[in-house]
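Undergrad: For reference, the structure I am asking about is given below.
Just so you know, all these numbers are worked out from the coordinates, no wet-lab data involved. The model shown is predicted, which means the values in this text are computed figures rather than measured ones. Cβ: placed from backbone, ideal geometry, glycine included. Neighbour counts: every protein chain shown.
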Amino acid sequence: MGAALAALAALSACDPTPRTTPFPQNRPAGLAPVGDEVTPQSAASQDLARYYEKVQNDLLTRGLLRTDGGGPDTPYDANDLARNFETIAFFDEYRPGGLTSSGRGSSGQLSRWSGPVRVNTEFGASVPLDQRATDRASVDGYVARLARITGHPISTTSKNANFHVFVAGEDDSDFLQARLKQLIPSISREELAIFRDLPQSFYCLVVAVSGNGTPYNYTRAVALIRAEHPDLVRLSCVHEEIAQGLGLPNDSPRARPSIFNDDDEFALLTSHDEKLLMMLYDPRLKQGITAEEARPVVNILAREAMGQSL
């Protein structure tokens, strides 16, 4: 499901994940998320939902959007894992002034969260209550899984969140823009436009924000998932965007089995991806380290993850 915003793919769980941004970190008081009200879905939103249903059906017909996590047909070894980790963790689909389309992106230092990650899911008023319950349960279960994998404090919360997951439709644009301005008061018009003008071929995105004076330490993230997606595509967006918001910002065409690949083969986090997250939060890797500096440690971590002798 992985695809950069710069690449117009038929199915794209897209994720510009800036390593540093001018966004401030202070959370303002008096936020007002949507309650239990549900507004009727517009004709445009219904048309979009039908379009995405057709896309999902086409992908499933072609044997894509796998949910098995990989198997005998998708072998990989420690060298593959180390190579893919370097590409996905140290390169970025986003760079200031634009988004890359090379699949390699701009190189940089390792970024991740040092403090607890507190995830909250919010919904636009157009999202039906049963869908809200489904998606909230999906996020809750996935976040618990990520905490087990990484050993990092990651949890869901209803208040004082620093990782905001928005499930919103075409009809919820005003709500989303207002909430972004509340959460990030100095957000620019260009940054707001990324969320407001998401083309039909871009399915979801995440923006991770680093702290003032700590450019490689994420302190806030915002993810957007289109409410019009059918269930499996929405779940795939949950899996990729939260994982990428933890510090795996890139995609690689060589990563398999993986959601960090633009080929749409896998919908959900795989065994390969779990190992990438374990490596990302291993204390032997330090925030701000370069790919070249990290390579010897990454090779050790990859062999350990594969159960191989050093």
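Undergrad: In what sequence, highest mean first, do 168-177, 224-233, 193-202 appear when ranked by Cβ atoms within 10 angstrom?
TA: Packing order, densest peptide first, comes out as 224-233, 168-177, 193-202.
Undergrad: Once amide H atoms are built 1.01 Å from N in the peptide plane, which residues 5 or more positions from R66, or in another chain, come under 5 Å H to H?
TA: F266, A267
Undergrad: How far is it, in nm, from the label point at A193 to the one at R254 when both lie 7 Å from their Cα along the line to the Cβ?
TA: With each label point 7 Å from Cα toward Cβ, the separation is 3.6 nm.
Undergrad: Among the aspartates and glutamates, which fall within straight-line cross-link reach of K181, defined as a Cα-Cα distance under 20 Å, with same-chain neighbours fewer than 8 residues apart omitted?
TA: Output for K181: D15, E122, E170, D171, D172, E190, E191, D197.
Undergrad: If you don't mind, there's one more thing I want to ask. Once you have the Cα-Cα distance between Q200 and I300, take 0.36 nm times their residue separation minus that, and quote the gain in nm to one decimal. Mind showing how you got there, number by number?
TA: On the way: separation 100, 0.36 × 100 = 36.00 nm, distance 4.17 nm.
Here the segment from Q200 to I300 would lengthen by 31.8 nm.
Undergrad: Hey, another quick one. What's the center-to-center distance, using Cα atoms, between region 243-268 and region 135-183 in Å?
TA: Between the Cα centre of region 243-268 and that of region 135-183, the gap is 20 Å.
Undergrad: Within 10 Å of each residue's Cβ, count the other Cβ atoms and sort I289, I242 from fewest upward.
TA: Numbers: I289 17, I242 23.
Least to most surrounded, the residues fall as I289, I242.
Undergrad: What's the ranking of 71-78, 245-252 by average number of surrounding C-beta atoms within 10 Å, highest first?
TA: Descending packing order for the listed peptides: 245-252, 71-78.
Undergrad: Also: Spelling out what I want: for every residue of region 280-290, take phi, set θ = phi - 60°, compute 6.51 cos²θ - 1.76 cosθ + 1.60 (Karplus), and round to whole Hz; glycine and proline get x.
TA: 4, 9, 6, x, 6, 9, 10, 4, x, 5, 8
Undergrad: So, one more: For labels at R284 and N79 in the simple 7 Å Cα→Cβ model, what's the distance in nm?
TA: 2.0
Undergrad: A further question on this structure: By how many nm would the segment from A178 to D47 lengthen if fully extended, with 0.36 nm per residue of separation less the alpha-carbon distance?
TA: 44.7 nm
Undergrad: By how many nm would the segment from N57 to A137 lengthen if fully extended, with 0.36 nm per residue of separation less the alpha-carbon distance? Could you put the intermediate results ahead of the total?
TA: On the way: separation 80, 0.36 × 80 = 28.80 nm, distance 2.37 nm.
Between N57 and A137, full extension yields an extra 26.4 nm.
Undergrad: Sequence neighbours fewer than 8 away in the same chain don't count; with that in mind, list the lysines whose C-alpha is under 24 Å from K54.
TA: Reachable lysines: none.
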